[in-house]
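Enquirer: Sharing a structure with you now.
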Amino acid sequence: MTEQGSNPQAIKILIIEDDLIDRKSLQRLLAKSSLADAVVETADSLGQAKEALKKGGFDIVLSDLGLPDSHGMETIRALRSLVPELPLVVLSGLDDEATAIQALQQGVQDYLIKGRVDSQLLGRSIRYAMERKRAERQMRVAEQRYRTIFENSAVAIMLADEQQRLISWNRFTEQLLCMTPEDLHHRQISSLYPPEEWQRIRALNLRRLGMQHHLETKMVRKDGQLVDVDISLSVLKDAEDRVIGSIGVVHDITEQKKAKESLERSFSLLHATLESTADGIGAFDNSGQLTSFNQKFLQMWGLTELAQSGLTRARIIEVIKAQVVDPQVVDRVLASAYSQPEQARSGVLELQDGRVIEYHCQPQRLAGQVTGRVWSFRDITERRRTLEALQQSEDRFRQVVENAQEWVWEVDADGLYTYVSPIVQQILGYSPDELVGRLHYYDLLDPDDGATVRRKLQEVFARQDAFKGLESCNRCKDGTSVWLASSGSPLFDRQGRLIGYRGVSVDITERRRLHEILDRKQRNLEAIFDAAPVGMLLVDSQTIVRRANDAIRQLCGKDYPQIINYLPGQALGCIYASSIIQDGTHTCGVSEACKDCALIATIRQALEMGIPVHGIEIQPTIYVDGKDVQPSLSVSCEPVIIDGAKYAVLSLHDITARVKAEKEMMEAMELKSQFISTVSHELRTPLASMKEAVLIVLDGVAGPINDDQRHFLDIAKRNIDRLWRLINDVLDFQKLHSGRMQFNMQPNDMTKAVEEAYTTMLTYASKRQIHMSFSAQPNLPKGTFDSDRVIQVVTNLLSNAIKFTPEGGKVTLDLSKQGEEFVIKVSDTGLGIPKEALPRIFERFYRVQRPGREIKGTGLGLAIVKAIVTAHGGRIEVESEVNKGTTFTVWLPVSPRPAPAPMPAAGDTLIEGIVSGH
Amino acid sequence: MLGLFKLKKTASKPKILLVDDEQDLLSTVSYRLKYAQYDVVTASNGQEALEKAAAERPDLILLDTNMPVMNGHEVLRQLRADPDLKDIPVIMLTARAAPEDVSVASSYGIADYVTKPFDFNELISKVGAAVKRDEDR
């Protein structure tokens, strides 16, 4: 049936016409028109047309209305449903305006009257119809895309009219507000907000000021429940800046607070349907007389009334000029049209009332002569508006898509990208051109992680399901990885076949990274928590154990299920707490014995007062492995706030072994002490007899003795005395050491006591040829001290001074009072003490190393001196220079505080013992 | 030379070097030793003991352990290292009775080990035995 040579670029036209003459006439017109190279097929019935259309490939259908197997509108409807995508131009012999309008309403692109069509009109009409259909199709696709996003969007989008009634919304709106379309239809938007929030929104004066607003507010669900939302409000205005409604984009931030990305901007939904209008047609002869016109022409230009009284060209031009925005345009159009009568003209006129009229004008010929001009006018106001609105909407959509953090994409059924929004370049580094038609979604997936995601998506594609929040690791162009969360929904063609998916993806790399860091930290902390050698319990404000570590399990011999969600006493296995929760009541802390429980008190102090407690020692009786044990526990409790709630971290250190060792150590020390005391006392008795016996012989009581005898008895006596002193030192030290030394604190004369010590030592000094002197400040008051002990101190210091001073040296003793203290100073011109030894000379058993000179002693003297001085509330200091001399200074309070504490210098020894014992 | 030395030895009283830092002990013990027909030389520290040993060539040394300047163990070590003095018998006379002290001293080769306080008759017999042993060599 092809009647023309095949040109692949050529328009393919199907002519449906049962009348052979009309058909031929049409083909002839076409051949003469600008569409001369069009490929034309013909059909003489609807049935034949259907067969032809099934093969496809047509660009336009020209059809008569009256066919053998179909008539009138029926023909249009049949064709429209068969090939909705194809433009359809009706060629009818019926010059009836009602039919024409009806046909246009049915979606016909043009309605031409047989016999009134010339080749140019026909060509133009066909091109025009195709162009219009194409525009319509494009708009529909665009609108569909917006509609999908609008519907699939995870934000609620609502449109209200100028009366603030809801006129459009997406599915998410229904989910958000838990309302049905019936609930929402024409609902006053004020009823969606709590009254006070509505006042706030009104106060923004959005409609008047016309700005876009972004605020956080609350909305009311159907059940009255409030939902936190983040809302963007903007007004919709028409071309004259009149408010025609508003758009609200609502984010449910109750659900999405954790996700930080801002999502959507506003969308606008369009009402995009092109409205067909019939042409107004007027034909003028060369004299300017209106020769022919249709009703539409009159209606369009308001000429109906004038038509009664005759229409001249000048009159018509006058009327038209009166209506257009710029009358000069009319003059120019006319001048141009009539100056070149052979040329067709077309253009657009803008009217003052806002209408836009498209005009076409071409010469009317009769027998090859131009006899006049035919003008056709088409009201394209609506179309223009629709186009503008679509343009605006698309602009807005583009802006939203291009500015949003979400990447909008479409893939075909194989996963090949068919559309990507430009943001993809920021996210993945690929430009849209590099993706669309070139790469599949799975080409971007990370090689390691991708297989699982691809399998998952293949399953989703197979089921044709929508998907949401699918996380995948994707490889950027530069090789780095980006995590995306994607949602998408399937796209179907008319036959319901899956043609692809459309959706959005969000970059969640940073969010995942933060999560990973947090996870890792959490795991590290957990590992530390579990590995800590100290038992740790995390208890909540109800003192219920929420966490426990391994050391706790070891301590109480239970597993986590018997520890977690119990009270501490139950968890530990305290015998006063039952491990069973009776009648929903916990049983820790309720018995009489619990009143004094240090553990409970500690936790309460931490929880209620927020005060940390450290190092409380408790000895609970707990039931472990079938028997009662009493471990010694060192308890610390630290209050903490986790997610705004009060908790306490209880750490339990099992110090049973240490406590036991301490106890044993104390017992051993006590035993040693007693032993020393006993032995020393037992030594004194025989020593006393020895001394007495020696003295009897030495004093000549038992008869005369010769010089040799005296010499040896002197040796005996001297060594007995020495032994006596040693025993006394050991006893004194032991008493001081164990805190058993009794001090006889009495009002005494300090000068007298010091002088007594001085006198005692005079003999020794002179024997060693040391010059010793004593000076005392006069009229010193009486002080409170143990006289014997002070004498012991001074004697000891003098003895040391004499001992360590070479023959011929000097020892001076001085007593004075400074403030409320006696000051006793013992200075010598002796050997001095090396600097490094100074800090240690008061330690017991410490002896200064003196090469070449070993001077006998126990190493207890200065330790005893210091102990006595300290017990009196005083202090002792030493200054010394080697080979120059040494000065000891003792400060003793005139009136010491009552009950001077005998100081056991035992503490450090004890610790050493424990440490080394472990 | 050896014959001459021996001759000299037998001709006079055995000479004992008594070493102790305690003056009273030197006084009483030397009195007793002299009474028991020994020649006595005293020293009150280790250094002095070595000097006296070299100068006096005693037949026996009674040696204390705890002394200033040089202790008894060091004296022993140096005596044993000196070819002229290494054969002089030594009896330790010390307050240190711990087994490790005895074993340190024994490792240098000693004639006997006497702890303070001591029975003088016992000491005299041990001194006699040591001197005799030395003479018999």
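The values are calculated or read from the model by the stated rules, or taken from the named source; none is laboratory data. All figures in this text were calculated on a predicted structure; none of them were measured in a lab. Note that each Cβ is placed from the backbone with ideal geometry, even for glycine, and that neighbours are counted across all protein chains shown. In case anyone asks, the SASA skips ligands and DNA or RNA and just uses the protein heavy atoms, side chains included. Shrake-Rupley method; radii C 1.70, N 1.55, O 1.52, S 1.80 Å.
Enquirer: What value, in deg cm²/dmol to 500, does the helix sum -39500 (n - 2.57) over DSSP H runs of n ≥ 4 give at 222 nm once divided by the residues of chain A?
Expert: -12500 deg cm²/dmol
Enquirer: So what is the relative contact order for chain A, in percent, with contacts set as C-alpha pairs under 8 Å and at least six apart?
Expert: Worked out over chain A, it gives 4 percent.
Enquirer: Toward the positive end of the charge dipole of the protein assembly as shown, about the Cα centre and with charges on Cβ (Lys, Arg +1; Asp, Glu -1), which of B:VAL104, A:GLY354, A:LEU498 goes farthest?
Expert: B:VAL104
Enquirer: Could you work out what % of the accessible surface of chain A is carbon and sulfur, using a 1.4 angstrom probe and leaving DNA, RNA and ligands out of the count?
Expert: Result for chain A: 51 percent of the exposed heavy-atom area is carbon or sulfur.
Enquirer: Right, something else. Can you tell me the dipole magnitude for the stretch B:22-137 around its Cα centre, using point charges on the Cβ only (Lys, Arg +1; Asp, Glu -1), in Debye to the nearest 20?
Expert: My answer is approximately 140 debye.
Enquirer: Let me spell out the model: positive unit charges on the Cβ of Lys and Arg, negative unit charges on the Cβ of Asp and Glu, origin at the Cα centre of chain A. What dipole size does that give, in debye rounded to 20?
Expert: Dipole magnitude for chain A comes out near 1960 debye.
Enquirer: Just for the protein assembly as shown, what percent of DSSP beta bridges are antiparallel, to the closest 5?
Expert: Bridges in the protein assembly as shown are about 80 percent antiparallel.
Enquirer: Using the crude model of +1 on Lys and Arg Cβ and -1 on Asp and Glu Cβ, and no other charge, please compute the dipole size for the stretch A:532-652 relative to its Cα centre, in debye to 20.
Expert: Dipole about the Cα centre, nearest 20: 100 debye.
Enquirer: I would also like to ask the following. Per residue, what accessible area does the stretch A:532-652 have, given a 1.4 Å probe and all protein chains present, in Å²?
Expert: 52 Å²
Enquirer: Now a separate question. DSSP loop GluC sites (Glu not before Pro) in the stretch A:31-76 with at most 14 other Cβ atoms within 10 Å of their Cβ, which ones?
Expert: Counting only loop positions with at most 14 other Cβ atoms within 10 Å, none of the GluC sites (Glu not before Pro) in the stretch A:31-76 qualifies.
Enquirer: Right, next: Is the shape of the stretch A:532-652 best called rounded, prolate or oblate, per the rule: a/c under 1.5 gives rounded, else a/b larger than b/c gives prolate, else oblate, with a ≥ b ≥ c the square roots of the Cα gyration tensor eigenvalues?
Expert: Rounded is the answer for the stretch A:532-652, as its axis ratio a/c remains below 1.5.
Enquirer: Provide, in order from the shortest bin, the percent of all Cα-Cα pairs of the protein assembly as shown in each 20 Å bin, continuing until the bin that contains the maximum pair distance.
Expert: 9, 19, 19, 12, 12, 11, 10, 8, 2, 0
Enquirer: Say the dipole of chain A comes from +1 at the beta carbon of Lys and Arg and -1 at that of Asp and Glu; which of A:PHE467, A:MET666, A:THR887 then lies farthest toward its positive end?
Expert: A:THR887
Enquirer: Select from A:ALA753, A:LEU387, A:PRO363 the residue farthest towards the positive end of the dipole of the protein assembly as shown; place +1 on Cβ of Lys and Arg, -1 on Cβ of Asp and Glu, and compute about the Cα centre.
Expert: The one lying farthest along the dipole's positive direction is A:ALA753.
Enquirer: I'd like the orientation of helix A:119-152 relative to chain A: the angle between its Cα long axis and the longest Cα principal axis, in ° from 0 to 90, rounded to 10.
Expert: The angle comes out at about 20 degrees.
Enquirer: Between 0 and 90 degrees, rounded to the nearest ten: what's the tilt of helix A:72-82 against the longest Cα principal axis of chain A?
Expert: Approximately 40 degrees, to the nearest ten.
Enquirer: Using a 1.4 Å probe and counting only protein heavy atoms, arrange A:LYS835, B:LYS126 so the residue with the most accessible area comes first.
Expert: Descending accessible area places them as A:LYS835, B:LYS126.
Enquirer: Using a 1.4 Å probe on protein heavy atoms only, how many Å² of accessible area do A and B hide from each other, summed over both chains and rounded to 100?
Expert: 800 Å²
Enquirer: If amide H atoms are built 1.01 Å from N in the plane of the peptide, which residues on other chains or at least 5 residues away come under 5 Å of the amide H of B:LEU18?
Expert: For B:LEU18, whose amide H was placed from the backbone, the distant partners under 5 Å are B:VAL41, B:THR42, B:ALA43, B:LEU62.
Enquirer: Averaged over its residues, how many other protein chain Cβ atoms are within 10 Å of peptide A:713-726's Cβ atoms?
Expert: If you average over the peptide's residues, the count of other-chain Cβ atoms is 1.
Enquirer: When 1/r is averaged over all different Cα pairs and the result inverted, which Kirkwood radius in Å belongs to the stretch B:18-81?
Expert: Its Kirkwood hydrodynamic radius stands at 11.8 Å.
Enquirer: Here is a further query. Roughly how tilted is helix A:46-55, in degrees to the nearest 10 and between 0 and 90, from the longest Cα axis of chain A?
Expert: 40 degrees
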